[in-house]
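We did not get these values from a lab; they are worked out from the coordinates using the rules stated. Since the model is a prediction, treat every value here as computed from it, not as a measurement. All Cβ positions, even for glycine, are placed from backbone atoms using ideal geometry, and neighbour counts span all protein chains on display.
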Amino acid sequence: MAYKITDECVACGTCLDTCPNGAIEEGDIYKITDACADCGACAEACPTGAIVEE
């Protein structure tokens, strides 16, 4: 299972604060890096539902 961040991302930073591995890269639309452990914490925390399983 892997996660991706979709265009619904509003770059609010919630996932940054939630990710235990620091696997979120900031930008206009955030990106999940290879440091991701697929724990799903970011997806659960995302207020817009922009983080989904691939």
Can you tell me which residues in the range 19-54 are in contact with a helix residue (DSSP H, G or I) (Cβ under 6 Å, 6 or more places away or on another chain) and small (Gly, Ala, Ser)?
Ala41, Ala45
Suppose we filter the range 9-33 for residues that are surrounded by 12 or more Cβ atoms within 10 Å (Cβ to Cβ) and either aliphatic (A, V, I, L, M) or not in a loop (DSSP other than H, G, I, E, B) (or both); how many remain?
12
Does any residue in the range 18-29 that is at negative phi come within less than 7 Å, Cβ to Cβ, of a residue that is among the β-branched types (Val, Ile, Thr) six or more places away or on a different chain, and which pairs are these?
Ala23/Ile32; Ala23/Thr33; Ile24/Ile32; Glu25/Thr33; Ile29/Ile5
Residue list for the range 10-35, restricted to those being among the hydrophobic types (A, V, I, L, M, F, W, C) and within 9 Å of the chain's Cα centre (by Cα)
Cys15, Leu16, Cys19, Ala23, Ile24, Ile32
Top-ranked residue in the range 45-54 [being among the small types (Gly, Ala, Ser) and on the phi < 0 side of the Ramachandran plot; ranked as surrounded by the fewest Cβ atoms within 10 Å (Cβ to Cβ)]
Ala45
For the condition in a loop (DSSP other than H, G, I, E, B) and either among the acidic types (Asp, Glu) or surrounded by 13 or more Cβ atoms within 10 Å (Cβ to Cβ) (or both), what is the one hit in Cys42, Cys36?
Cys36
